[in-house]
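The values are calculated or read from the model by the stated rules, or taken from the named source; none is laboratory data. All figures in this text were calculated on a predicted structure; none of them were measured in a lab. Counting neighbours? That spans all protein chains shown, and the Cβs are built from the backbone with ideal geometry, glycine included.
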Amino acid sequence: MKTNSFAFQGVHGAYSEQAGKNVFPNASSVPCATFEEMFACVRDGQADIALVPIENSQAGRVADTQRLIPDSDLNIIGEYFLEVRHNLLVIPGAKINDVKRIHSHEQGIAQCRNKIIKLNKEMVIAADTAGSAKKISKLNKKEDAAIASALAAEIYNLEILEENFQDAQYNVTRFLIMSKHKSSIESNESDLLTTLVFVVRSIPASLYKCLGGFASNGINITKLESYIHPQGFDVAQFYIDFEGHPDDKSVKLAFEEMKFFCKEIKVLGVYKKSEFRKK
């Protein structure tokens, strides 16, 4: 997979940028203030790829991206798992007793919540982790600390007060790799995932009936999420990942059954499973 540039939400030093550099070491990175801007950056051709955080092993799904992905007009062409190592960052010379407030993205705060509570520090929610590091560097106050990456500490001239600050040692974020172009993966390839969203009809047991075809055709669903459809609270929309390709015979049969009970079905991408899943 080759790319010249990738877009990510946040400022330089964000975990999303680190994930992008791991996947595309020779590509340039394009920071974006919001996820909406990140998707637009790829649609408009300012970047080839978007690195999209979708879920974390400790804090769960990233609600903003899951809401935006179906209408992003981009295609999922891959996935990447980043083992997150949070660091507690301070300005040079600051000690833990000096710190009164700890800044980070809501996911960073959630993943370190128990340690923050134990230290009895105020939690300050920010737009992103690296942005928090940039902010406390500018504030230049010993009372303020940030949860961010070691890369952010290097960029913004901060000291790492504590490494591996997360509550759980197993802390992994899954990223989707998204492009304007669809993948060219054939159905005869192995270890494939397909992601789709669908809207069920308002009838009893509609979700059960929609997914029945996957069970009867031996298709493994690896992720299922529900969220409110923009049309209102009485319209249920679901997001699923499953093993296989839309051109597989078993998947075609499952789709035929789904159509009886769904108002909308939209395939968001077909891509290879990450090697991380085999660990």
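Checking each residue in the stretch 97-115 for being over 22 Å from the mean Cα position of the chain (by Cα) and over 19 Å from Ala152 (Cα atoms) picks out Asn97, Asp98, Lys100, Asn114, Lys115. Scanning the stretch 161-176 for any residue that is in a helix (DSSP H, G or I) and either under 28 Å from Ile240 (Cβ atoms) or in contact (Cβ under 8 Å) with a residue 12 or more places away in the chain (or both) turns up nothing. In the stretch 27-44, the qualifying residues are those that are modelled with pLDDT of 95 or more and surrounded by fewer than 16 Cβ atoms within 10 Å (Cβ to Cβ), and the one that is farthest from Met178 (Cα to Cα) is Ser28. Residue count for the stretch 109-123, restricted to those that are touching a helix residue (DSSP H, G or I) at 6+ places or on another chain (Cβ under 8 Å) and in a strand (DSSP E or B): 1. Note on the stretch 124-137: among residues that are within 25 Å of Glu36 (Cβ to Cβ) and without any contact (Cβ under 8 Å) to a residue 60 or more places away in the chain, the one that is surrounded by the most Cβ atoms within 10 Å (Cβ to Cβ) is Ser132. All conditions in (1) free of Cβ contacts under 8 Å to residues at least 12 places away in the same chain; (2) of a type outside the set (Val, Ile, Thr); (3) assigned to a strand (DSSP E or B) hold for Lys252, with the sole exception of (3).
Once the stretch 53-67 is narrowed to residues that are modelled with pLDDT of 90 or more and farther than 23 Å from Pro246 by Cα, the residue that is surrounded by the most Cβ atoms within 10 Å (Cβ to Cβ) is Pro53. Residue check: Ala205 meets all listed conditions (1) of a type in the set (A, V, I, L, M, F, W, C); (2) at positive phi; (3) loosely packed, with under 10 Cβ neighbours inside 10 Å but one, namely (3). Might you let me know whether the stretch 254-261 holds any residue that is within 20 Å of Thr65 (Cα to Cα) and either charged (D, E, K, R) or surrounded by fewer than 18 Cβ atoms within 10 Å (Cβ to Cβ) (or both)? Checked the stretch 254-261: no residue is within 20 Å of Thr65 (Cα to Cα) and either charged (D, E, K, R) or surrounded by fewer than 18 Cβ atoms within 10 Å (Cβ to Cβ) (or both).
Every residue, every condition in (1) out of contact with any helix residue (DSSP H, G or I) (no Cβ under 6 Å at 6 or more places or on another chain); (2) at pLDDT below 95, yes or no:
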{"site": "Asp241", "(1), (2)": "yes, no"}
{"site": "His245", "(1), (2)": "yes, no"}
{"site": "Val251", "(1), (2)": "yes, no"}
{"site": "Glu257", "(1), (2)": "no, yes"}
{"site": "Leu268", "(1), (2)": "yes, no"}
{"site": "Glu275", "(1), (2)": "yes, yes"}
{"site": "Lys278", "(1), (2)": "yes, yes"}
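In the stretch 88-96, the condition of being part of a helix (DSSP H, G or I), on the phi < 0 side of the Ramachandran plot and not assigned by TED's automatic domain parsing to the domain that holds Pro31 is met by at least one residue. Within the stretch 79-102, being within 20 Å of Tyr271 (Cα to Cα) and either crowded, with 21+ Cβ neighbours inside 10 Å or without any contact (Cβ under 8 Å) to a residue 40 or more places away in the chain (or both) holds for Glu79, Leu82.
Considering each residue of the stretch 234-248 in turn, at least one proves to be surrounded by fewer than 13 Cβ atoms within 10 Å (Cβ to Cβ), part of a strand (DSSP E or B) and out of contact with any strand residue (DSSP E or B) (no Cβ under 8 Å at 6 or more places or on another chain).
In this structure, is Ile219 part of a loop (DSSP other than H, G, I, E, B) and of a type in the set (Val, Ile, Thr)? So Ile219 fits the description; yes.
When Leu193 is tested against the conditions (1) aliphatic (A, V, I, L, M); (2) touching a Phe, Trp or Tyr at 6+ places or on another chain (Cβ under 7 Å); (3) in contact (Cβ under 8 Å) with a residue 60 or more places away in the chain; (4) in a loop (DSSP other than H, G, I, E, B), the lone failure is (4).
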